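Visitor: Handing you a structure now.
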């Protein structure tokens, strides 16, 4: 009941936000314009950008890549040099090179896979000037990607796809920053820390000392939740009492995971002037989300039979906070794996096997169940293109979507993000399972150990960032392979999306007629859902069976 | 070439705006409006900091309520869970050991059911809360160790029951606050 109300509220909020987003990105006036447009124009002056200038797809992609390279290099250097920089009250030394490289790639790509523990690795300066900034701009890069993709459909007979700098600035200024300010104040009011004081040293009641880490956490946690980032300020992420102190903060943080990815789907509907299309795609995502949620809630509510034998009361509480309880932990985890957020409020490694399977499946679809900001919807559009192609074959017509004919170019490009990441996941996992450097990381024996390694590469390639955290991933081997995986996962989505937009925008619009395949009805929704499930299931069936599937059977059989 | 210049400038502008102005402004507001919350809900007694309301402490003595097991033994510099999987024998052995220990400590029968929160470790390793029932279970031991009546300890537990959203949250007690209340009753 609570979950139903929660989802309803999220949807109700995301429709007006979607409307607002569409206005912002089309350059229309909104209630924020009087306040923000002077700042917006000031930023264009500072970065020497003419906001009227349009880019073709190559120039857009080039700008995006250059910006990301500069970000990775700067974040890498900042971590190496943090030992001699200010705002380092604990005197932490520079981050090891492989960890720093992995972290730089991970945060710039909106993944936020963390092989380090925040409180013992990163200085306050690195967190706020490095990691938090990337939390914002990586989310904006994702939004920019979907904006270009949408313009590919809405514009005709042109090369112009918008301006990368303008899209970035508007995303940050009108959407991410205002919401982060609101959320961080809410979080602080409940006890999420926000201070530059050094760690507190405490004499406990039983007479030992406890060092309590502090820092400017709330400002970072806010954008971590809103921007589909998920990188914790502290090691325990949103299970940590200072990131998520009670059920009020947990409510707002869970809401923030889903809010903007959902809003973007509605924004899409408004921007393509076909709100029904937005609803159709929203329905596909919602069906998949609810399916996963149902299975995970059921699986996690079954008490572990091995534990029951020992004589404990019901409740799979290992790795969970009772402040949130089982249902709210599962709701969070389904949302975080569906949305490519990756923040956790419970430890996924200790969940029941089939619950873990749902988390893996959510990531295995390529993060299209709402998905990461922008890139999630882009991923969904690849599936839509594939579905329209299949439907086109069935009815013997050239596939069309939103009035654009889909040709071989679009089809080839859409297959890159559907084939490359799964292939990379399987290859990386196979390597890790065959060499000592890979096997050394395993924390749990048997099929659960396999799941730990699989989860790492699923998370990396899906740009999710959550983990079966028992895996000791802070090694050169894992830092480099997951880092490479993250890059493949990110750019195998972004580049094809922009390229398809480049080819679509040059085409004219074809009028919809009675012979066109309807793309807003239930048939479309069922087709796309089926394609996603079939591709997900067929690609990963063998390893799902060997990992979580086998573990489930062993658990019941013992 | 122009893109490189734009990218560098944008990186600098956003770093200043989002990496300095934004967190400093939020810190400023927080320190003025919510200073206690923003600095970690620290509890001070006799001018000494004795803990944070939100961060659990390790309690093993018979005079105190015991909290949840912690994979890091409440070492708050390294937060985290056990990350042991649901079929891991190591987890079963640890849980079994904790069950036996609790049955002895709380004088329970050898086939009694032990509350899950007292034997399964939290995700953060720092959780300060247990279920009210799990606190009640410990009342006889504490009353005996401290020479209080069970009703007195029961009252302290009742005074400390927390539940944020009525009807949704299971009522909990904060173990650290309970134990501070116990200590204050002694004086």
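All of the numbers you see were taken from the coordinates with simple rules; none came from a lab. Note that this is a predicted model, so its numbers are computed, not measured. Every residue, glycine among them, receives a Cβ derived from its backbone with ideal geometry; neighbour counts consider all protein chains shown.
Visitor: Residues that are more than 16 Å from residue B:5 (Cα to Cα), under 25 Å from the mean Cα position of the chain (by Cα), more than 10 Å from every other protein chain (Cβ to nearest Cβ) and in contact (Cβ under 8 Å) with a residue 40 or more places away in the chain: does region A:77-91 have at least one?
Guide: yes
Visitor: Related question: Counting only residues that are more than 14 Å from residue A:217 (Cα to Cα) and more than 7 Å from every other protein chain (Cβ to nearest Cβ), how many does region B:8-34 have?
Guide: Total meeting the criteria: 6.
Visitor: For residue A:308, work out the one condition from (1) more than 14 Å from chain B (Cβ to nearest Cβ); (2) surrounded by fewer than 20 Cβ atoms within 10 Å (Cβ to Cβ); (3) closer than 30 Å to residue A:325 by Cα it doesn't fulfil.
Guide: Here residue A:308 clears every test but (1).
Visitor: Could I ask something else about it? Considering only region A:63-97, how many residues are assigned to a helix (DSSP H, G or I) and either farther than 17 Å from residue A:109 by Cβ or touching a strand residue (DSSP E or B) at 6+ places or on another chain (Cβ under 9 Å) (or both)?
Guide: 7
Visitor: Would you check if residue A:162 is within 29 Å of residue A:266 (Cβ to Cβ) and surrounded by fewer than 24 Cβ atoms within 10 Å (Cβ to Cβ)?
Guide: When the stated conditions are applied, residue A:162 passes them.
Visitor: Name the residues in region A:238-250 that are in a helix (DSSP H, G or I) and facing chain B (nearest Cβ under 8 Å), would you?
Guide: A:239, A:247, A:248
Visitor: Hey, which of the helices (runs of 4 or more DSSP H) in region A:345-451, taking only ones fully inside, have at least 2 residues that are surrounded by 24 or more Cβ atoms within 10 Å (Cβ to Cβ) and away from every other protein chain (no Cβ under 14 Å)?
Guide: The helices (runs of 4 or more DSSP H) meeting that bar are A:353-364, A:375-395, A:408-434.
Visitor: If you don't mind, another one. Which count do you get for residues in region B:49-71 that are within 19 Å of residue B:101 (Cα to Cα) and either more than 8 Å from chain A (Cβ to nearest Cβ) or more than 13 Å from the chain's Cα centre (by Cα) (or both)?
Guide: 11
Visitor: Of all residues in region A:32-45 being without any contact (Cβ under 8 Å) to a residue 12 or more places away in the chain and surrounded by 14 or more Cβ atoms within 10 Å (Cβ to Cβ), which is farthest from the other protein chains (Cβ to nearest Cβ)?
Guide: A:33
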